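Trainee: Encoded as structure tokens, here's the structure I'll be asking about.
The values are calculated or read from the model by the stated rules, or taken from the named source; none is laboratory data. It should be emphasised that the depicted structure is a prediction, and the values quoted were computed from it without experimental measurement. As a convention, Cβ positions derive from the backbone with ideal geometry for all residues, glycine included, and neighbour counts pool all protein chains shown. All accessible areas refer to the heavy atoms of the entire protein, side chains included, with ligands and DNA or RNA removed. Shrake-Rupley method; radii C 1.70, N 1.55, O 1.52, S 1.80 Å.
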Amino acid sequence: MTEGVRRTGWSAGWGVALWLAGLIACGLLVARTPVTADLSAFLPRSPSSTQQLLVDQLRDGAVSRLILIGIEGDVPDRLTGFSRALAERLRGNPLVATVENGERTGRSADGAYVWTNRYLLSPGVTRDRFTANGLREALQNDLRLLQSPAGMALKQALPADPTAEILRLTDRMLGDAGGPASRDGVWVSADGARALLLVQTAAPGFDMDAQQKTLDLIRSAFADAKGTAGTARLVMTGPAVFSVQTRDRIEADATRSSIIATALVAGVLLLVYRSLRVLALALLPAATGTLAGIAAVGLGFGTVHGITLGFGITLLGESVDYAIYLFTQTQPGSPARRTLLRIWPTLLLGVATSVVGFGTMLFSSFSGLAQLGLFSITGLLVALAVTRWVLPTLLPKGYGTERPARMAPLLTALTSAAPVLRLPLLAATLLALAWLAYQGSNIWSAELSSLSPVTEADQRLDEALRRDLGAPDAGHLLVISAATMEDALTATERLAAPLEALTRDHLIAGYESPAHTLPSQATQRARQAALPPPDQLRTSLTQALHGLPFRPDAFVPFLTDAERARTQPLLTPASLDGTSLKLKFESLLVRTGIGWTTMLPLRGVTDPQALSTRLSGAPAVRGAILLNLKVESNNLYRTYREEALTLAVLGAIAITSLLAAALRSIRALVAAVMPLAAAVVITMALVTALGQTLTIFHLVGLLLVVGVGSNYSLLFERPEPSPALRERTVASVAIANFCTVIGFGTLAFSGIPVLHGIGMTVAIGAFLCLAFAAVLGPKGANHD
Amino acid sequence: MISGNRPARRPILAGIAALLLAGAVPSQAAEPWGLEDLFARFARIGSSNARFAETREVGLLTTPLESSGTLTYRRPDILEKRTLQPQAESLRLDGDRLTLTQGDGTSRTLSVSAMPEIQTYVESIRSTLRGDVPTIMRFYEVALEGTPQDWRMQLTPRAEEARRTVQRIVIAGRDANIRRIEVLQADGDRSIMTIQPDPA
């Protein structure tokens, strides 16, 4: 090495030294950069306030903490037994906030809180209710209840609760649904084939490591509960399960794809160059670029998203090209440095087009997309720099390639015959354009979930478990904010009347509110004031009982409890300690930058349009925002996609301008751009015709196609000093293209929609770029 | 009661007998009458209507509660109890959903299976009407006595949780008609419902 440095002068030595230092720095940076996979990295950085709420909900809302568990594949009695055993092992573990499986034991703390504080919690506590008339009405109702079979269960509470506040409170908690089906007191699916549990994790949804630990805990607790008995299986779904799975699968897929791609590309290069040293050198720019790209993203964003990583590793496909051009076009007897000088302007222009294309993504308001942009730009520039300043120094002295020249004639013959296909290509392009125009906006995927790497089987399982459990899914939220917690709760309580009206009119099935769990201090005081002092209550009760068949001493516990409630200290958030209601309360009332925000999930919305009209007409609802999570997230996605599309178009314009400025000839510009445009159009048509809807990642893929493809058409267009060099150019482009197609082709086999989409788009697009560059290239180039 | 164990053991024996009969060849000469046989008769009935009168003795009350109304059953899963006196009220069971509608129209729905004490009560009648031997055997120890023309079935809940509310249910009838349902609760409260087939 030192010999080499001395021989080639200090600039080359500095190049290598700089490169080594850069490698070390990047390595250190990469080691410190955590990988994330939560989809919110692909959500906007500066969203509107409703979008912010949505993003927060997706990141750490109550819904993001749910794990839905099914135990299946054994006889029903065994399944319910496993459910009990699993729940018992999970209860009390610090990773698990609550575990519910239908057993009542799990809710005893909640039940005790609601029962003990029923007079402060129930909206039924009014002055009228505790007069002689009010009590009499309540007692008559009790008689009716005693007659029904439900009376059997309810009568135990009656002596202490003749006004049936507890019934009112449990009705409100259960809503219309009445909870999942059960068997032997444990939740089961409607067909009885699955025992069901619902776990709420203590960690927020975005804390992937904690979620991973919780999932491991559940798995080992189940294995422990099951022992060696039976054939039961554990299935889990929910946002946490999906994000952890996604992270694992993206990492696994990205790793596998890049190993396979590297192996295949290495195989091709080894076959072509017959030298391990050259092979290693060919991969050097790509590897350095990838490392630098990850380091840059880590530096700029703090974390690197799994998708960025999976996508970025395949930049190998483009950056390996630089080395291929260099090696293949170096003839024996002519130093690599001279080749470099010869192809440098073209390479630079090719890289510049890619950088401009990806540069537009830096302006994306979505950090995931900006990450991809930064990654690609850094990666390509570094790869180019390594090709320019490091590779020539490391190449064996007097290096030149023999073999590529041998297959060059064939390739050149093919290339010169290609222009025959100009008319068919024109027809194909027009056909593709017609197809795209006919499909219109259908080619674009409209839903945020299209970015979700969750497999369809998992989505179906999730839907089934949600249906069985009646678990909340992304629905409608009514959101209201205020400066203090008390103000927020008071504002929330004002929504109760309009919401009750909506429930009566069947526009919603019900709603949840943090004020149900913890009313405002003002409301609690009002309820205490509604309870009469002991003597007065006793007199009213005696009057109310007159003529009714109740035993005179039946309601002594009621008098005691009412007096205790009248004088008890008011409830505060601390009163919820030790109950699962605490987590629920905290997820519905959150501290935000400006104060406190309450979120009221609406259940069973049948007609969102009518609901929105009714709410906008109600004065009591002023200040509250109706948030349709599904619509909002899809809006968000549309904004996201439209922005990406705008950026892609701007990128295309920038690339064209750049080429125009560099080529200084309309004819050359058209010749360079035409193959790219045709390739993009036909790729889009092919991908959609194969049944995919286009997402943001296909767009990114197309940008990459333009970046890679511009090199091909620039090299094809470039006048060569000799037919021999022309042959070498054709060969180098063909080998480079082959490697790109291999790299992205392996990605097309990924099970993750995003990676599959990019892989397919770029593999098809890059190949078409080359083919079209040949078809549209200069006629009879080899006759020169 | 002095001869102790024998009567107590009978329900169990009857239960075991019923279980054995369930899988056995049609029984012949010895005893042509059993739960299987009775339930087979119920199983042939697609729907039925009846009137009821109910008396409930509740510890909280000084006098029993009286009520009356109609009962409707439609195979396999719909059972409706419509109280007409003293107040209009209905109780409709459809699969796992129990809907209680009061005279003023307010209604309340609950999942039967989520409330063992109510399920215990409901299944005694429903699985009898369905002729569903496995279900009734799952929930109760069953003791059947009498003749097809005058039978009496004593049901004791198997689950401890349910036994804390419902101690025993006795259903009596003639052929595939229920004539009387008596529910004895753990706290001593009891209800007796007498049923007359509706000619309509």
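Trainee: Extension gain A:Arg664-A:Ala497, at 0.36 nm per residue separation less the Cα-Cα distance, in nm?
Mentor: Separation in residues times 0.36 nm, less the Cα-Cα distance, equals 53.0 nm.
Trainee: Follow-up. Output the peptides B:124-134, A:678-688, B:68-78 sorted from most to least packed, where packing is the average of other Cβ atoms within 10 Å over each peptide's residues.
Mentor: Ranking the peptides B:124-134, A:678-688, B:68-78 by packing returns A:678-688, B:124-134, B:68-78.
Trainee: Determine the shielding of peptide B:105-114 by partner chains: average, over its residues, the number of Cβ atoms on other chains within 10 angstrom of each Cβ.
Mentor: 6
Trainee: Further question on the same structure: Would you compute the Debye intensity of the stretch A:170-234 from its alpha-carbon atoms alone, equal scatterers and no solvent, and pass along log10 I(q)/I(0) at q = 0.16, 0.22, 0.23 Å⁻¹ to two decimals?
Mentor: Each listed q maps to, in turn, -0.79, -1.04, -1.05.
Trainee: If one takes the longest principal axis of the Cα atoms in chain A, at what angle in degrees, from 0 to 90 and to the nearest 10, does the Cα axis of helix A:132-147 lie?
Mentor: Compared with the principal axis, the helix lies near 70 degrees.
Trainee: May I ask for the accessible area buried between chains A and B, both sides summed, probe 1.4 Å, to the nearest 100 Å²?
Mentor: By this definition, chains A and B bury close to 3000 Å².
Trainee: While we're here: Spin-label point model (7 Å from Cα, Cβ direction): what's the A:Glu251 to B:Glu145 distance in nm?
Mentor: Rounded to a tenth, the inter-label distance reads 7.0 nm.
Trainee: With label points built 7 Å along Cα→Cβ from the Cα atoms of A:Ile259 and A:Ala280, find their separation and express it in nm.
Mentor: Distance between label points: 2.1 nm.
Trainee: Let me ask another. Could you look at chain A and say what percent of its accessible area is carbon and sulfur, using a 1.4 Å probe and all protein chains?
Mentor: Carbon plus sulfur share of accessible area: 62 percent.
Trainee: Hey, could you get me the Stokes-Einstein D for the stretch A:322-370, Kirkwood radius over alpha-carbon pairs, 10 °C and 1.306 mPa s, rounded to whole µm² s⁻¹?
Mentor: In µm²/s, the coefficient rounds to 125.
Trainee: Once you put a point 7 Å from the Cα of A:Thr303 and another 7 Å from the Cα of A:Asp209, both along the Cβ direction, what distance in nm separates them?
Mentor: 1.2 nm
Trainee: If you don't mind, there's one more thing I want to ask. How far is helix A:165-174 tilted, in degrees, relative to the longest principal axis of the Cα atoms in chain A, given as a value from 0 to 90 rounded to the nearest 10?
Mentor: Once rounded, the angle reads 20 degrees.
Trainee: Under the rule of -39500 (n - 2.57) per DSSP H run of 4 or more residues, summed and divided by the residues of the protein assembly as shown, what mean residue ellipticity at 222 nm is obtained, to the nearest 500 deg cm²/dmol?
Mentor: Only helices count here, giving -18500 deg cm²/dmol.
Trainee: What does the average come to when, for each residue of peptide A:151-158, you count the partner chain Cβ atoms lying within 10 Å of its Cβ?
Mentor: That average works out to 5.
Trainee: Which residues, if any, in the stretch B:31-76 lose at least 10 square angstrom of accessible heavy-atom surface (probe 1.4 Å) when the other protein chains sit next to their chain rather than the chain being alone?
Mentor: The answer is B:Arg56, B:Val58, B:Gly59, B:Leu60, B:Leu61, B:Thr62, B:Thr63, B:Leu65, B:Ser67.
Trainee: Between A:Leu423 and B:Thr99, what is the FRET efficiency for a Förster distance of 60 Å, r being their Cβ-Cβ separation, to the nearest 0.05?
Mentor: Plugging the Cβ-Cβ distance into 1/(1 + (r/R0)^6) gives 0.25.
Trainee: Let me ask something else about it. Quote the convex hull volume per residue of the stretch A:138-267, based on C-alpha atoms, as a whole number of Å³.
Mentor: Output value, Cα hull per residue: 208 Å³.
Trainee: Next up: In square angstrom, what is the accessible area per residue of the stretch B:57-200 with a 1.4 angstrom probe?
Mentor: 44 Å²
Trainee: Starting from 0.36 nm per residue, how many nanometres of slack lie between A:Asp487 and A:Leu18 once their C-alpha separation is accounted for?
Mentor: Working it through step by step, the gained length comes to 162.8 nm.
Trainee: I've got another one for you. First measure r as the distance between the Cβ atoms of B:Asp187 and B:Ser47, then evaluate 1/(1 + (r/R0)^6) with R0 = 45 Å and state the FRET efficiency to the nearest 0.05.
Mentor: Working from the Cβ atoms, E equals 0.80.
Trainee: Select from the stretch A:640-688 those trypsin sites (Lys or Arg not before Pro) which occupy a DSSP coil region and have at most 11 other Cβ atoms within 10 Å, ordered by residue number.
Mentor: Taking the stretch A:640-688 and a limit of 11 other Cβ atoms within 10 Å, the loop trypsin sites (Lys or Arg not before Pro) found are A:Arg664.
Trainee: Right, another one. Quick one: what does P(r) look like for the stretch A:285-378 with 5 Å bins over all Cα pairs, in whole %?
Mentor: 3, 14, 21, 21, 15, 10, 8, 5, 2, 1, 0
Trainee: Counting only heavy atoms of the protein chains, get the accessible area per residue of the stretch A:200-290 (1.4 Å probe) and round it to a whole Å² value.
Mentor: On a per-residue basis, 42 Å².
Trainee: Also, I was wondering about something else. For chain A, take the longest principal axis of its alpha carbons; what is the angle in degrees between that and the long axis of helix A:753-776, to the nearest 10 within 0 to 90?
Mentor: Tilt of helix A:753-776: around 20 degrees.
Trainee: Now, a different point. Leaving out ligands and nucleic acids, and using a 1.4 Å probe, what accessible area per residue does the stretch A:609-768 come to in Å²?
Mentor: 36 Å²
Trainee: I've got another one for you. For the stretch B:89-200, give the percent of accessible area contributed by carbon and sulfur heavy atoms, probe 1.4 Å, rounded to a whole number.
Mentor: Of the solvent-accessible surface of the stretch B:89-200, carbon and sulfur hold 44 percent.
Trainee: Expressed in nm to one decimal, what extension gain is obtained for the pair A:Arg591 and A:Ala223 from 0.36 nm per residue of sequence separation less their Cα-Cα distance?
Mentor: Full-extension gain reported as 128.6 nm.
Trainee: Now, a different point. Return an integer: the convex hull volume of the alpha-carbon atoms of the protein assembly as shown, in Å³ per residue.
Mentor: It comes to 230 Å³ per residue, whole-number rounded.
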